[in-house]
Amino acid sequence: MPDETAEDRYNRELIELLNELRVALPGVQVLFAFLLVVPFSNGFPRLSQFDREIYFVAVVATAVSTVLLIAPSSYHRLRWRRHDKERLLVVSNYLTIAGLAALAVAITSTVFVITDFVFQRTWASVMTTVVGVLFLLFWYGLPLASAIQDQRTERLPR
């Protein structure tokens, strides 16, 4: 935006970040609620020790994701009116990327436990690999490929 001041850009970027977090957080909350109820269900005792360990990875990854994705709101509240939006945006960007990575681990782990319980270990391994690859491709590979393309385009002589 050519006529945009630095302050306007920070405000716009902060609104964009908060809107992105509004999309991610309900999913994390629903997953966390589901995972917290699972041990109290009738089928939980039938999980193998390995599935229980993967389940625990999913719970911890969901908790970590929750912490990281809510952290920008806490940072913003604690630094309110300190004219610190640029730092807030940089820190929040890293927190959001890390929170989404933890969410990908949580979802992938949950897929493994459910698929292993309902079907068998082979299907669980295959489906978990597919889901993990999809996360890598669409959440990280696609944006990083675009960044590389942008860098190449910027280096071309005009």
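Would you check which residues across region 34-50 are under 16 Å from V64 (Cβ atoms) and either outside any helix (DSSP H, G or I) or open to solvent by 50 Å² or more (accessible area, probe 1.4 Å) (or both) and list them?
The answer is L36, and nothing else.
So which of Y94, Y55, Y10 is farther than 24 Å from F119 by Cα, modelled with pLDDT of 85 or more and of a type in the set (F, W, Y)?
Working: Y55 fails: farther than 24 Å from F119 by Cα; Y10 fails: modelled with pLDDT of 85 or more.
None of the others qualify; the one that does is Y94.
Does T129 satisfy the criteria of being open to solvent by less than 90 Å² (accessible area, probe 1.4 Å), assigned to a helix (DSSP H, G or I), at pLDDT 95 or above and over 15 Å from A61 (Cβ atoms)? Walk me through how you get there before you give the answer.
On the way: open to solvent by less than 90 Å² (accessible area, probe 1.4 Å): yes; assigned to a helix (DSSP H, G or I): yes; at pLDDT 95 or above: yes; over 15 Å from A61 (Cβ atoms): yes.
Yes, satisfied.
Going through region 19-70 one residue at a time, which ones are more than 11 Å from L103 (Cα to Cα), under 16 Å from the mean Cα position of the chain (by Cα) and touching a residue at least 60 places away in the same chain (Cβ under 8 Å)?
Answer for region 19-70, where residues must be more than 11 Å from L103 (Cα to Cα), under 16 Å from the mean Cα position of the chain (by Cα) and touching a residue at least 60 places away in the same chain (Cβ under 8 Å): E20, L21.
Can you name the residue in region 69-84 that is open to solvent by 60 Å² or more (accessible area, probe 1.4 Å) and touching a Leu at 6+ places or on another chain (Cβ under 8 Å) and, of all such residues, is farthest from Q29 (Cα to Cα)?
Here the answer is R79.
Of all residues in region 106-127 being β-branched (V, I, T) and touching a Gly at 6+ places or on another chain (Cβ under 9 Å), which is nearest to V30 (Cα to Cα)? First the steps, then the outcome.
At the first step, the residues of region 106-127 found to be β-branched (V, I, T) are 107-108, 110-111, 113-115, 118, 122, 126.
Still in the running and touching a Gly at 6+ places or on another chain (Cβ under 9 Å): 107-108, 111.
Values: I107: 11, T108: 15, V111: 15 Å.
This residue is I107.
The values are calculated or read from the model by the stated rules, or taken from the named source; none is laboratory data. Quick caveat, the model's predicted, so the values are computed rather than measured. Because the Cβ atoms are built from the backbone with ideal geometry, glycine has one as well, and the counts that use them run over all protein chains shown. We work out accessible area using only protein heavy atoms, side chains counted, and drop any ligands, DNA or RNA first. Shrake-Rupley method; radii C 1.70, N 1.55, O 1.52, S 1.80 Å.
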